[in-house]
1. So if each residue of separation counts as 0.36 nm, and I subtract the Cα-Cα distance between A:GLN148 and A:GLU350, what length gain in nm does that give?
2. Suppose every Lys and Arg Cβ carries +1 and every Asp and Glu Cβ carries -1, with no other charges. What dipole size does segment A:213-353 come out with about its Cα centre, to the nearest 20 debye?
3. With a 10 Å Cβ neighbour count serving as the proxy for reagent exposure, in which order, fewest first, do A:LYS478, A:LYS254, A:LYS133 appear?
4. Taking 0.36 nm per residue of sequence separation and subtracting the Cα-Cα distance, how much length would be gained by fully extending the chain between A:ALA78 and A:ASP248, in nm to one decimal?
5. Can you sort A:ILE382, A:ILE461 from fewest to most other Cβ atoms within 10 Å of each residue's own Cβ?
6. Tell me the Kirkwood hydrodynamic radius of segment A:167-207 in angstroms, computed as one over the mean inverse distance between distinct C-alpha pairs.
7. Please label the shape of segment A:324-478 as rounded, prolate or oblate, based on the square roots a ≥ b ≥ c of the eigenvalues of the alpha-carbon gyration tensor (a/c under 1.5 means rounded; beyond that, a/b larger than b/c means prolate, else oblate).
8. With just the Cα atoms of segment A:104-170, tell me how far they stretch along each of the three principal axes, in Å, largest first.
Amino acid sequence: MNKVKVRFAPSPTGPLHIGGARSALFNYLYALKTGGDLVLRIEDTDLERSRREYEEEIVTSLRWLGLSWQEGIDTGGANGPYRQTERLDTYRRYTEQLLAEDKAYPCYCSEEELEAERQELLAAGELVRYSGKCRTLSAEEIAVRAAQGIKPAIRFQVPDSKEFVVDDLVRGRVVFHSDNEGDFIIVKSDGIPTYNFAVVIDDSLMGITHIVRAEEHLSNTPRQLMIYQALGLAIPQFAHISLILGEDRQKMSKRHGATSLIQYREMGYLPDALFNFLSLLGWSPEGEEEILKPEEIAAAFSLERVSKSPAVFNLEKLNWINQQYIKKLESTELLSMVQPYLAASEHCQEFEAYDRSKQLLIIETIRDQMVCLKDIKQLIDIFFIEAEADDEARELLATGSAEGVFDQFAAGYPEADAPGEIKAFLKKLVKDNKLKPKDVYMPLRCALTGQMHGPDLPNMISIWGRDECLRRLNQARK
RNA sequence: GGCCCCUUGGUCAAGCGGUCAAGACACCGCCCUUUCACGGCGGUAACGGGGGUUCGAGUCCCCCAGGGGUCACCA
């Protein structure tokens, strides 16, 4: 068995989206599992839409997710260049070969002309495919058009009545008939190859053994098979993974909210959590545990367990997974990861005024409520805002039943006020006054925070310390 | 419309002829508890429809329906 070599080949026409990331991830996992290599190639033959900054963003996104590759755009390798626009000479050689062997021909049809034909066929309910008009152009006719300065596209001549079968690793055997395909363009009139042509040459020349890509490419596969055959190139194995759908069961697109990886990074999803979540979309491990580290996923991965049906992107599950990862973080780690999000808070300076141990205590006090890192911004508010008591809290305070407790709280506030000491202190207040715990806690909570609900009270008291607590208490009693 | 793919709870998804049809998220309830969360325990909820094959079908075959993809000088 030869060494496995897979590739991820995005077009730099936008940021890396969830679907692309999942394709990249499956390739990465397959390479890792089989001890193979991963190639990152950039398919930038769409001159109009491709942009270098997107290419950079894609690389950044992939690295952030935790992927790495052996060959590619930024790492180099023996099969470069890895940007298609830098491989034009190579494509040209193969184009000439096909032309010389009469397996391709120049097409002088204008786009308007083609569009009109397409509409006609569509309206007539007939098979929509190129008529083959230019297939039989004589040398003279070609010369005339060339003399007029018309730049031709090059079309691949589709063989008649042949079957093309894909033995897909996830879908099984899929058969296509060549009669359903019209002669398709392999080189645009500007000399740039189209996707279906370039992809075959590159995959072949780069020694790709397995093509793992999204299902939307399944129907492109017969065209690619024709080119492999015409050029006498070895055909790799295919594995078409199902699409990721939005909540409305349509293919994920911008209108489904956050769809680029960068957006998830910005919201404070952890790369390992997203890695984990994405791996569970269309694949499942054998065991029941779903929270798995990248290494564990790679070790368990196999194409046999990849699902054929499309998966709906479920944000709630992602949130839960992210929460699990946040929970596992050391407080010190979490504190440093949260820094950029803290900077966005209006209470950033106040937070930083606390010493490190108190900062860590704040983090520990609210971490269980954090779904993603950006949540820190709202979660720390309660420590700093001076909001008026809400209705519920005001009502409870209005009974005045806890005035005695408040006095004792102020008078007996302990010298050492770590959470443990505060807890003991509150317990003593409960006991001394023969009250129920909640008759001590709730009034204090309302007085100090103005709300009936919030994080652990002893922790909050400890964080504020004596002076701030008494200040808030007095404020509330006015 | 042609071609192709898909179809187990709301969502992800196990199952690869014989199970009371796993598990996770979400939801609901109970417990823990000063509250909200967290956590623990429990619960509601599914094989798209119709024909076959078989002693036996979610699992195999056919038809239909629904969903999706693709038919570009985009990838």
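1. Going from the current span to full extension adds 65.3 nm.
2. Working: 13 positive and 19 negative charges, 176 e Å.
That gives a dipole near 840 debye.
3. Numbers: A:LYS478 4, A:LYS254 11, A:LYS133 15.
Ordered from fewest to most neighbouring Cβ atoms within 10 Å, A:LYS478, A:LYS254, A:LYS133 come out as A:LYS478, A:LYS254, A:LYS133.
4. Going from the current span to full extension adds 56.8 nm.
5. Ranked by crowding around the Cβ, least crowded first: A:ILE382, A:ILE461.
6. 12.6 Å
7. Numbers: a/c = 2.02, a/b = 1.70, b/c = 1.19.
Prolate is the answer for segment A:324-478, as a/c is 1.5 or above and a/b outweighs b/c.
8. Largest first, segment A:104-170 extends 50, 28, 21 Å along its Cα principal axes.
Read the figures in this text as sums done on the coordinates, not as results from a lab. This is a predicted model, so every value here is computed, not measured. Every residue, glycine among them, receives a Cβ derived from its backbone with ideal geometry; neighbour counts consider all protein chains shown.
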